[in-house]
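Enquirer: Have a look at this one.
Here, each number is a calculation from the coordinates, and none is a lab measurement. Because the structure is a prediction, the values reported are computed rather than measured. Cβ atoms come from the backbone with ideal geometry, glycine included; neighbour counts cover every protein chain shown.
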Amino acid sequence: MIDKENVLSVTTQCRILQLSRSGVYYVPVPVSDKDRELMRMIDEIHLELPHLGSRGMKSELKNRGHKAGRIHIRTLMRKMGIEAIYKKPRLSKPHPGHAIYPYLLKGLDITHANQVWCSDITYIPMAKGFCYLVAVMDWASRKVLSWRLSNTLDNSFCIDALEEAITRYGTPDIFNTDQGSQFTSLDFTDILSQNGIRISMDGRGRWIDNIFIERLWKTVKYEDIYLKAYSSIADVRQGLKSFFERYNSRRRHQGLDDRTPDEVYFSKLPEKEAV
């Protein structure tokens with residue numbers, strides 16, 4: 001966007017485009033090996049003890065032989081997109097234009113496929129760096145309908161996953177997410193509204209409201225990500241493709257009466273959709 005060879009000075013170009021001049025000269029600093037190891041440990045601890053904030057995380061890391069300051073740990077947690085999970089007061093206003101929707105699943109008897117879908121984002125550590133994973137899951141069957149990887153936390157990869165799920169499997173009655181900005185954005189909620197899908201959102205800090213996809217993240221990480229130490233996003237993508245194929249079609253779940261998500265999903269489709 002900024003042309004340093006242009007007759008206009010960089011300062012003038014930045015003023016016209018309303019950009020920060022310092023950003024033009026900024027060179028991204030790669031994450032150090034030490035920080036990558038800390039982030040991997042933070043991710044593992046967060047799966048086991050999701051209520052820990054930066055103070056608790058500092059103590060737990062110390063117990064495991066990793067020393068780091070609380071401020072640095074808080075910075076890494078923010079970069080990873082994770083925070084302590086507990087019921088918190090509403091201290092900030094929603095982003096302008098981002099509506100927050102009520103939680104619709106309380107007391108709801110979820111009995112068939114495409115009745116409720118849910119989605120969430122998680123941090124994925126790699127040998128040299130990290131990325132983010134979003135998945136769309138059918139609640140009744142635990143089937144992963146679609147997923148995407150991204151090296152940023154913008155909403156485009158969430159939208160891509162949502163559109164793929166709708167294209168391949170139709171539309172659910174209800175779509176449930178947390179209150180993350182990716183899911184409250186107009187770009188995302190408009191797709192749901194235009195398809196006649198009712199929007200449901202977890203209460204603030206209520207990870208239990210989306211429990212099945214939280215369990216999926218633990219399965220993904222302990223059965224694949226932590227074992228493989230992928231070196232690039234391309235490697236992660238290829239590995240997760242195999243993992244989710246196995247998860248959907250061959251991995252049997254006790255909670256599904258020892259059946260696979262595919263078996264449950266296709267057996268619980270409403271008659272008109274099954275046809």
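Enquirer: In percent, what relative contact order does region 123-275 have, based on Cα pairs under 8 Å that are 6 or more apart in sequence?
Expert: Details: 184 pairs, mean separation 34.8, N = 153.
Relative contact order for region 123-275 comes out at 23 percent.
Enquirer: Follow-up. Compute the label zone of Tyr222 within region 228-255: residues whose backbone N is under 15 Å from the point 7 Å along Cα-to-Cβ.
Expert: Residues 253-255 fall inside that zone.
Enquirer: On to the next question. If each of Asp187 and Thr75 carries a label point 7 Å out from its Cα toward its Cβ, how far apart are those two points in nm?
Expert: So the two model labels end up 2.8 nm from each other.
Enquirer: Placing unit charges on C-beta atoms (Lys and Arg positive, Asp and Glu negative, everything else neutral), compute the dipole magnitude of region 116-274 about its Cα centre in debye, rounded to 20.
Expert: With only Lys, Arg, Asp and Glu charged at Cβ, the dipole is about 560 debye.
Enquirer: Please compute, for the alpha-carbon atoms of region 209-250, the extent along each of the three principal axes and give them in descending order in Å.
Expert: 33, 20, 15
Enquirer: Between rounded, prolate and oblate, where does region 31-85 land on the alpha carbon gyration tensor, with a ≥ b ≥ c its root eigenvalues, rounded for a/c under 1.5, else prolate if a/b exceeds b/c?
Expert: Rounded shape, in that the Cα axes give a/c under 1.5.
Enquirer: While we're here: With the crude spin-label approximation of a point 7 Å out along Cα→Cβ, what separation in nm comes out for Ala229 versus Thr111?
Expert: For the pair Ala229/Thr111, the computed spacing is 5.0 nm.
Enquirer: Percent relative contact order of region 28-79, based on C-alpha pairs within less than 8 angstrom and at least six residues apart?
Expert: 35 percent
Enquirer: Counting other beta carbons within 10 Å of each residue's own, what order do Arg215, Arg251 fall into, fewest first? It would help to have the intermediate numbers written out before the result.
Expert: On the way: Arg215 14, Arg251 17.
Fewest-to-most ranking of Arg215, Arg251: Arg215, Arg251.
Enquirer: Computed over the Cα atoms, what is the radius of gyration of region 157-260 divided by 2.2 N^0.38 Å, N being its residue count?
Expert: With N residues counted in region 157-260, Rg over 2.2 N^0.38 Å equals 1.21.
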